[in-house]
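Working notes for the structure below.
The values are calculated or read from the model by the stated rules, or taken from the named source; none is laboratory data. Worth saying up front: this structure is predicted, and the values here are computed from it rather than measured. Here the Cβ positions follow ideal geometry from the backbone for every residue, glycine too, while neighbour counts run over all protein chains shown. Surface accessibility is based on the protein's heavy atoms, side chains included, excluding ligands, DNA and RNA. Shrake-Rupley method; radii C 1.70, N 1.55, O 1.52, S 1.80 Å.
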Amino acid sequence: MSGRELKTKELTLSLGPQHPATHGVLRLVLDLDGETVVKCTPHVGYLHRGTEKLAEHRTYMQVIPLTDRLDYISSMANNVGYCVAVERLFGIEPPERAKYIRTIMSEMTRISSHILWLGTHALDIGAMTVFLYSFREREWLLDLFEMTCGARLTVSYGRIGGVRNDVTQEFLDRLYKFTEEFPGRIEEYETLIDQNRIWLQRTKGIGILSAEEAINWGLTGPTLRGSGVPYDVRKYAPYDAYDKVEFEVPIGKNGDVYDRYRCRMEEMRQSNRIIKQCIEKMPKGPILTPDAPKFTLPPKDKVLADMESMIHQFVLITKGPMTAPEGEIYSAVEAPKGELGFYIISDGTGRPYRMRLRSPSFVHASVLPRLCEGSLIADVVANIGTIDIVLGECDR
Amino acid sequence: MESKQIAELIKERFPTEVRKIKEFRGQVSITVGKERVKDIIRYLHDTPELYLDYLQDLCGVDYLEKKEVRFEVVYHLYSMRHRHMIRMKAEVPEGDCSIDSVTGIWAGANWHERECYDMYGITFKGHPDMRRILLPEDWEGYPLRKDYPLKADLGEMEWKGYREVMETAEKNKGYEVR
């Protein structure tokens, strides 16, 4: 090449919105210098459906199906999050059995969400086999969801003051069998990748976030705990039956992709433990609170047999609770992805005046430039996977 | 520390700024003016016994015809170390629809503030990248404002991007997809 100079220039690459590694419709505009990412600009909003605006025009009851469609792979946790928030606003308490059922459902969702994450994350970084194994257990859980409420993904199972219907003994038996077998299955996944040299090289030391930095970015869930901060809403502000079960909050040390992977794997074990305890301790009793008739739907068998209850149900569905208190509440739950917060302002009518959704995926997606800039383009995919975002929740 | 005490501390420190302190179901909200909001937040973030290091949420609220000052920007602050929280609301009048950005204190505030601008049209002074986030850049209006309709037949006023898609669909109607 004597006498001629090689010219180099920065290349702009648009990753997504249609790209398998972006887990939905996320678009990243990457400025590249060779293999290195110089600048990363995420574009979100492709899945924006205006959930917050819609919620202002619906009764408290009618918002539940909207929450299903946020993080559509863990809709149970969203339902629970919304119901807990409204219950706190109204000042009502669901019965014990409902609390246990909700806890079970939330943890089942956590497992199924983490399994999906594991499969797709591994697929992104090149470990194809895990995907096939992980979907086997996910199917098992989805079948159990279907058994309880007839739906596999958009379940709408939570109700203000309880749950929609009781779980059967058969469901509990089959779920118990799952909890017996699942730890072995986690070991199977780990055999596939834990000691895999390629996996270790692709995850260790990649996307490092210190504890202070992770808090400063507002990260939550396993993404934060991977950096060694033991913040978990289930421990810090318990809801449902979480204060009655024993579990540990696994944390990482280095805050890299590998540690976050370890955190999620351990979390699945803990979720399994919680489900087992809940099945063992589950009390008998009603599943919808009977002492707050102004706010909760009457039992279905009564609606079909008794005029009063039917009128009551009709009014609640069409107009919402007539005596909602005036006030505002911020209530958060630990969804599989992180802290899912609902900030509801009530002006005393049957509809929320304002419902703000603090979704973990939105916050986590905002940290992408920080993680990707300066890293290699191959690690961008690892970084998208490790923050575990779902764009339905990010865009709302 | 109890949220009530935190509110009292703010009142002691910034007596002219605090407008109202309200408690509902154990959660305390403190309403302040927007002028010194950054100072107050800096104080809450840096004081060791408060140490509200985690911005749980930042959002806007529109109180059209409900309150004297139309907009509010709501900060939910939490301390990981002390496990206490407070809700702080800053009043933003319609005439001067802007407030200081807190991105210098929390990196995570960046997208929340962009969303707030996107939905309410409140601009954040000192924000590094004040653009729309969820809606297209050429979108008109601020959807979460109370005077923005939920549903409307806009005809020619419809967003350009949507019209283009519909026109393309109309044009391709004659073609059979095999």
Original post:
Restricting attention to region A:215-225, does a residue exist that is touching a residue at least 24 places away in the same chain (Cβ under 8 Å), under 23 Å from A:ARG358 (Cβ atoms) and away from every other protein chain (no Cβ under 14 Å)?
Top reply: yes
**OP:** Scan region A:285-328 residue by residue and report those that are more than 29 Å from the chain's Cα centre (by Cα), in a helix (DSSP H, G or I) and aliphatic (A, V, I, L, M).
**Re:** A:VAL303, A:LEU304, A:ALA305, A:MET307, A:MET310, A:ILE311, A:VAL315
**OP:** Kindly provide the set of residues from region B:17-26 that are open to solvent by less than 30 Å² (accessible area, probe 1.4 Å) and in contact (Cβ under 8 Å) with a residue 40 or more places away in the chain, ordered by number.
**Re:** none
Original post:
Pick from A:LEU6, A:LEU47, A:LEU11: which is touching a residue at least 60 places away in the same chain (Cβ under 8 Å) and either surrounded by 12 or more Cβ atoms within 10 Å (Cβ to Cβ) or of a type outside the set (Val, Ile, Thr) (or both)?
Top reply: A:LEU47
**OP:** Please find, among B:ASP153, B:ASP138, B:ASP147, the residue that is out of contact with any Asp or Glu (no Cβ under 9 Å at 6 or more places or on another chain) and in contact (Cβ under 8 Å) with a residue 12 or more places away in the chain.
**Re:** B:ASP138
Original post:
Hey, among the residues in region B:33-54 that are free of Cβ contacts under 8 Å to residues at least 40 places away in the same chain and in a helix (DSSP H, G or I), which one's farthest from the other protein chains (Cβ to nearest Cβ)?
Top reply: B:ASP39
Subject >> Filter result for the condition that a residue is within 28 Å of A:GLU373 (Cα to Cα) and open to solvent by 20 Å² or more (accessible area, probe 1.4 Å), over A:ILE287, A:ILE279, A:ILE198 >> reply: A:ILE198
Original post:
Would region B:99-122 turn up any residue that is polar (S, T, N, Q), out of contact with any Asp or Glu (no Cβ under 8 Å at 6 or more places or on another chain), touching a residue at least 12 places away in the same chain (Cβ under 8 Å) and closer than 20 Å to B:THR31 by Cα?
Top reply: no
**OP:** Being surrounded by 15 or more Cβ atoms within 10 Å (Cβ to Cβ) and either outside the structural domain of A:ASP259 (by TED's automatic domain parsing) or under 20 Å from the mean Cα position of the chain (by Cα) (or both) narrows it down to one of A:TYR133, A:TYR100, so name that one.
**Re:** A:TYR100
Original post:
Regarding A:TYR72, is this residue touching an Asp or Glu at 6+ places or on another chain (Cβ under 9 Å) and more than 13 Å from every other protein chain (Cβ to nearest Cβ)?
Top reply: yes
**OP:** Go through the residues of region B:59-70 one by one and say whether even a single one is more than 10 Å from every other protein chain (Cβ to nearest Cβ) and open to solvent by less than 20 Å² (accessible area, probe 1.4 Å).
**Re:** yes
**OP:** Return the only residue of A:GLU248, A:GLU267 being surrounded by 23 or more Cβ atoms within 10 Å (Cβ to Cβ) and out of contact with any Phe, Trp or Tyr (no Cβ under 8 Å at 6 or more places or on another chain).
**Re:** A:GLU267
Subject >> Yes/no for A:GLY341 being at pLDDT below 90 and either within 10 Å of another protein chain (Cβ to nearest Cβ) or in a helix (DSSP H, G or I) (or both) >> reply: no
**OP:** Sort through A:VAL249, A:VAL229 and tell me the only one that's of a type outside the set (D, E, K, R), in contact with a Pro (Cβ under 7 Å, 6 or more places away or on another chain), assigned to a loop (DSSP other than H, G, I, E, B) and within 14 Å of chain B (Cβ to nearest Cβ).
**Re:** A:VAL249
**OP:** Output the residues belonging to region A:257-271 that are within 18 Å of the chain's Cα centre (by Cα) and among the aromatic types (Phe, Trp, Tyr).
**Re:** A:TYR261
Subject >> Subset of region A:358-396 (residues that are part of a helix (DSSP H, G or I), within 13 Å of another protein chain (Cβ to nearest Cβ) and among the hydroxyl-bearing types (Ser, Thr, Tyr)) >> reply: A:SER361, A:SER366
Subject >> Selected residue [under 25 Å from A:ASP194 (Cα atoms) and not small (Gly, Ala, Ser)] from A:ASP259, A:ASP243, A:ASP306 >> reply: A:ASP259
Original post:
How about region B:4-16: which of its residues are farther than 28 Å from A:ALA324 by Cα and open to solvent by less than 100 Å² (accessible area, probe 1.4 Å)?
Top reply: B:GLN5, B:ILE6, B:GLU8, B:LEU9, B:ILE10, B:LYS11, B:PHE14, B:PRO15
Subject >> Test for A:LYS235: is it closer than 24 Å to A:LYS99 by Cα and either open to solvent by less than 50 Å² (accessible area, probe 1.4 Å) or over 16 Å from the mean Cα position of the chain (by Cα) (or both) >> reply: yes
Original post:
What number of residues within region A:271-320 satisfy the criterion of being touching a Pro at 6+ places or on another chain (Cβ under 7 Å) and without any contact (Cβ under 8 Å) to a residue 40 or more places away in the chain?
Top reply: 4
**OP:** Identify, from the list A:ALA292, A:ALA305, A:ALA378, A:ALA324, the residue that is at pLDDT below 90, open to solvent by 20 Å² or more (accessible area, probe 1.4 Å), among the small types (Gly, Ala, Ser) and more than 30 Å from A:GLU35 (Cα to Cα).
**Re:** A:ALA305
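Which residues, taken from region A:253-274, are of a type in the set (Gly, Ala, Ser) and under 28 Å from A:TRP140 (Cβ atoms)?
Answer for region A:253-274, where residues must be of a type in the set (Gly, Ala, Ser) and under 28 Å from A:TRP140 (Cβ atoms): just A:SER271.
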Subject >> Answer residue from region B:75-94, given it is of a type in the set (A, V, I, L, M, F, W, C) and more than 17 Å from B:GLU35 (Cβ to Cβ) and is nearest to the chain's Cα centre (by Cα) among those >> reply: B:LEU77
